[in-house]
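**Q** Take a look at this one; I'll ask things after.
None of the figures in this text is laboratory data; all of them are computed from the coordinates on show. Just so we're clear, the structure is a prediction, and the values are computed from it rather than from any experiment. Glycine gets a Cβ as well: all are built from the backbone with ideal geometry, and neighbour counts include every protein chain shown.
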Amino acid sequence: MKVVAPLLAAAGLASAHTIFSSLEVGGVNQGVGQGVRVPSYNGPIEDVASNSLACNGAPNPTSPTSKVITVQAGSNVTAIWRYMIGTTGSAPNDVMDITHKGPTLAYLKKVSDAAADAGPGGGWFKIQQDGLASNGVWGTERVVTGQGRHDIRIPACIAPGQYLLRAEMIALHGAGNYPGAQFYMECAQINVVGGTGAKTPATVSFPGAYSGTDPGIKISIYWPPLTSYTIPGPSVFTC
Ligand SMILES: *[C@@H]1O[C@H](CO)[C@@H](O)[C@H](O)[C@H]1NC(C)=O
Ligand SMILES: [Cu+2]
């Protein structure tokens, strides 16, 4: 039995990843994999040119879901991150290993049918980001120590209709070389109601928005100590 514990500990470290497993709307959790395309395995995407950078996928195939979640424009939703698809707790180790430091981000893409649209390609705009705060705390750390909760405001001025909501955490503990940064993302299927449509966001592509040479993707976060951090991707769309 003496050999078992180290083996288990090593396996735990090797797979200390995370999954955006459910969406909370108006204080109501919609259910694991309900309206969120979840994989069975929690591993990252590391290739920024992969189609799986949009909504995950090979080598972590996701399960389809027919649910499209109604969301009020101008309100907040909460992406709930869990270590594994079956994780029920919300303590830090139930969310992601705390060594996984980096930004949190969220994007939307307007689609005609959120349950059917695969995700890769153009049309994505960023609606939230949280990088390195002046006290040295990263966006991912705030989610890990905050019960896996990732708050995302749905802009009030976008057109009503169906969207894919891509919530993302980027772990930079091994990002000194590329590939090395770990991209964790899943897509929720939402129907935005009450949007004014007053503004049309500029958009980017996934894959395409990130490069392996981006200063926020190929970066050593340990030494010298960082005083600032450039979050990858476009600027955040605001109304
Ligand atoms: C709503 O989400 C935004 C991030 O998009 C966050 O900055 C803000 O604190 C959230 N508001 C509430 C009330 O949770
Ligand atoms: Cu990991």
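**Q** Counting alpha carbon pairs within less than 8 Å and at least 6 residues apart, what relative contact order, in whole percent, applies to the range 17-206?
**A** The normalised contact order for the range 17-206 reaches 29 percent.
**Q** While we're on this one: Given q = 0.12, 0.27, 0.30 Å⁻¹, what are the Debye log10 I(q)/I(0) values for the range 98-160, with equal point scatterers placed on the Cα positions and solvent ignored?
**A** For the requested q values the scattering log ratios are -0.42, -1.12, -1.25.
**Q** If I histogram all Cα-Cα distances within the range 30-69 using bins 5 Å wide from 0, what percent of pairs lands in each bin?
**A** With a bin width of 5 Å, the distribution comes to 6, 25, 28, 19, 14, 6, 0.
**Q** Given the pairs 101/199; 67/109; 109/199; 101/218, which span a C-alpha to C-alpha distance of over 23 angstrom in this model?
**A** 101/199
**Q** Can you put 96, 169, 84 in order of Cβ neighbours within 10 angstrom, beginning with the fewest?
**A** Lowest count first: 84, 96, 169.
**Q** Next question, about the same structure. Treating the angle as unsigned and between 0 and 90°, give the value, to the nearest 10°, between the Cα long axis of helix 4-14 and the longest Cα principal axis of the chain.
**A** The helix 4-14 is inclined about 40 degrees to the chain.
**Q** Follow-up question, since we're still on this one. In terms of modelled amide H atoms, which long-range or inter-chain residues lie less than 5 Å from the amide H of residue 162?
**A** Long-range HN contacts for residue 162: 111, 192.
**Q** Under 13 Å from a point placed 7 Å out from the Cα of residue 29 along the Cα-to-Cβ direction: which residues of the range 57-86 have their backbone N that close?
**A** Under 13 Å, as judged by backbone N against the label point of residue 29, lie 78-86 of the range 57-86.
**Q** So, one more: In a Debye calculation with equal point scatterers on the alpha-carbon sites of the chain and no solvent, what is log10 I(q)/I(0) at q = 0.08 Å⁻¹?
**A** The Cα Debye sum returns log10 ratios of -0.28.
**Q** Right, next: For the chain, what is the mean residue ellipticity at 222 nm derived from helices alone (per DSSP H run of n ≥ 4: -39500 (n - 2.57); sum divided by total residues; nearest 500 deg cm²/dmol)?
**A** -2500 deg cm²/dmol
**Q** Calculate one ³J(HN,Hα) per residue across the range 89-99 by plugging θ = phi - 60° into the Karplus curve 6.51 cos²θ - 1.76 cosθ + 1.60, and present them in order as whole Hz with x for glycine and proline.
**A** For the range 89-99, the Karplus-derived couplings read x, 9, 5, x, 5, 7, 9, 5, 4, 5, 5 Hz, x marking Gly and Pro.
**Q** Arrange the following residues from fewest to most other Cβ atoms within 10 Å of their Cβ: 199, 110, 218.
**A** In increasing order of surrounding Cβ atoms, one gets 199, 218, 110.
**Q** Further question on the same structure: Full extension from residue 75 to residue 135: what is 0.36 nm times the residue separation minus their Cα-Cα distance, to one decimal in nm?
**A** Going from the current span to full extension adds 18.8 nm.
**Q** Points 7 angstrom from Cα along the Cβ direction at residue 151 and residue 99: gap in nanometres?
**A** If labels sit at residue 151 and residue 99, their model points lie 3.1 nm apart.
**Q** To the nearest 0.05, what FRET efficiency results for residue 222 and residue 84 with a Förster distance of 30 Å applied to their C-beta separation?
**A** Once rounded, the FRET efficiency stands at 0.65.
**Q** What is the magnitude of the charge dipole of the chain about its Cα centre, with +1 placed on the Cβ of each Lys and Arg, -1 on the Cβ of each Asp and Glu, and no other charges, expressed in debye to the nearest 20?
**A** About 200 debye.
**Q** Name the long-range amide H neighbours of residue 72: under 5 Å, sequence gap of 5 or more, or other chain; modelled H, no Pro or chain starts.
**A** Residues meeting the criterion, in which the H sits 1.01 Å from N, are 193.
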